[in-house]
Amino acid sequence: MRRAIVDLSYARHFLDFQGSAIPRAMQKLLVTRLSPDFREAVTLRRDCPVPLPGDGDLLVRNRFVGVNASDINYSAGRYDPSVRPPFDIGFEGVGEVVALGLSASARFAVGQAVAYLSPGSFAEYTVVPANVATPVPEVRPETLPLLLSGTTAYISLKHLGQLSEGKKVLVTAAAGGTGQFAVQLAKRAKCHVIGTCSSEEKCAFLRALGCDRPINHRAEQVGDVLKREYPSGVDVVYESVGGPMFDVAVDALAPRGRLLVIGFISGYQSDSGLSPVKAGALPAKLLRKSASIHGFFLNHYLSEYRAAMDDLLQLTARGDLACQLDLGEVDPQGKFVGLESVFRAVDYMYKGKNTGKIVVELPASAGSSKL
Ligand code: NAP
Ligand code: X1H
């Protein structure tokens, strides 16, 4: 059922935003059956009603949406096993406010550019609680990598990393959406940074970020490099690949080393979602080195989110933090434009093709029926 309109001025905005009416119908991606195979789980619907914002909400017209490794954990129903399809998908977006509820109008206005982390961004329009939206100076894709990928690196390293000058930090999937920030933040903490990736082009990107020792895992055995060049081990690992890479990382830990489990992307596409880690040997390995493993899930650190986002925005505004986007320019089928290209962008990520954060552009002039 459509929610009641709470305020007449807002009703006027809703009907007529800068001369162009908000459509009645829109496109969105919907999870229609649970599966880690994104194409199997997700359907593009063209005839969905544009939702109405409640009192504390914004209605955002999405212009750029972020693709995340965990979109397939979400489409597999792993986030909340009690939720049944159909449900919305997409974690984050940047766009403009086109309508809003009365109490949201204290901080926002129609036309305001916003960035947000909230479910349901793979849609032309998304209702976003005003308290999870960040006002931004303009609708630019460069804010997107900070929202989930940047804050994950920032909060996990700050709260669990215990970084200090001279520590050796290993970042896996270092040239990806979140890895790029882990590399730069560890460099800002004056650490020595080793980063894994899958190509010479990504190694060059990592060098440009300040990474001291990029390792192309297709050209060199990561475990061999670490044993040879870092015989006393690494102090901190930012680990998001899982499988054999996780075992390599555990073996590389220095005495009192810390391993942050950020993810295990190599396991997400399998039905169980479980990573083939040799967990049986872990207790002895950790005890022998007084080493620690820390799981990290951003949703459990939301109290730290606002401060992290503010700091990241300042760092990028000052030019002290690079924010690499991958809009699909080098994909043979071209840039990721339109909701239908989210499928292609997920494939691209799982083929290991991306450098930086994958972003899909949603053109302003999507054709839907007007009110
Ligand atoms: P991303 O790093 O931009 O892209 C994934 C990268 O992982 C690829 O470019 C590729 O890099 C590698 N890769 C892809 N498929 C792989 C596979 N099957 N096996 C091994 N490596 C593979 O993705 P992201 O969205 O930023 O996510 C990166 C990791 O961070 C994921 O594990 C994700 O779950 C995690 N994460 C965790 C949180 C949290 O709250 N804990 C939040 C955000 C992200 P290479 O070139 O290096 O092979
Ligand atoms: C309540 O806490 C959680 C935490 C993670 C609930 C679900 C998950 C989840 O589905 C995730 C997840 C979320 C974000 C991310 O970046 C990586 C991962 S990995 C993962 C998961 C995968 C397979 C499973 O069997 C269980 C969790």
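Annotation note: Cβ proximity below 7 Å between a residue of the stretch 78-96 that is on the phi > 0 side of the Ramachandran plot and open to solvent by 20 Å² or more (accessible area, probe 1.4 Å) and a residue that is within 16 Å of ligand 2 (Cβ to nearest atom) and part of a loop (DSSP other than H, G, I, E, B) (sequence gap 6+ or interchain) occurs for no pair.
Among the conditions (1) within 22 Å of Glu124 (Cβ to Cβ); (2) in a loop (DSSP other than H, G, I, E, B), Val60 misses just one, which is (2). Among the numbered conditions (1) open to solvent by 10 Å² or more (accessible area, probe 1.4 Å); (2) within 20 Å of Leu30 (Cβ to Cβ), the only one that Gly66 does not meet is (1).
All of (1) over 28 Å from Asn73 (Cβ atoms); (2) at pLDDT 95 or above hold for Ala11 with one exception: (2).
Could you tell me whether Arg84 is basic (Lys, Arg), over 20 Å from the mean Cα position of the chain (by Cα) and assigned to a loop (DSSP other than H, G, I, E, B)?
Spelling it out, Arg84 is indeed basic (Lys, Arg), over 20 Å from the mean Cα position of the chain (by Cα) and assigned to a loop (DSSP other than H, G, I, E, B).
Only one entry of Asp57, Asp47 meets the criterion of being in contact (Cβ under 8 Å) with a residue 40 or more places away in the chain and among the charged types (D, E, K, R), and that entry is Asp57. Within the stretch 130-145, the set of residues being open to solvent by 50 Å² or more (accessible area, probe 1.4 Å) and in contact (Cβ under 8 Å) with a residue 40 or more places away in the chain comprises Asn131, Arg140, Glu142.
Picking from residues in the stretch 146-183 that are within 20 Å of Gly66 (Cα to Cα) and open to solvent by 10 Å² or more (accessible area, probe 1.4 Å), the one that is farthest from ligand 1 (Cβ to nearest atom) is Tyr154. Given the criteria touching a residue at least 12 places away in the same chain (Cβ under 8 Å), surrounded by fewer than 18 Cβ atoms within 10 Å (Cβ to Cβ) and out of contact with any Cys (no Cβ under 7 Å at 6 or more places or on another chain), does Pro231 qualify? Criteria not met by Pro231. Check whether at least one residue in the stretch 229-244 is of a type in the set (A, V, I, L, M, F, W, C) and assigned to a helix (DSSP H, G or I), and report yes or no. Within the stretch 229-244, not a single residue is of a type in the set (A, V, I, L, M, F, W, C) and assigned to a helix (DSSP H, G or I). Taking the stretch 250-281 as the range and being over 23 Å from Leu148 (Cα atoms), at pLDDT 95 or above and either near ligand 1 (Cβ under 8 Å from one of its atoms) or part of a helix (DSSP H, G or I) (or both) as the test, the residues that pass are Val250, Asp251, Ala252.
If the requirement is being at pLDDT 95 or above and at positive phi, which of these qualifies: Ala173, Ala219? None of the others qualify; the one that does is Ala173.
The values are calculated or read from the model by the stated rules, or taken from the named source; none is laboratory data. Just so we're clear, the structure is a prediction, and the values are computed from it rather than from any experiment. All Cβ positions, glycine included, derive from the backbone under ideal geometry; neighbour counts span all protein chains shown. What goes into the accessible areas is simple: the full protein's heavy atoms, side chains included, and nothing from ligands, DNA or RNA. Shrake-Rupley method; radii C 1.70, N 1.55, O 1.52, S 1.80 Å.
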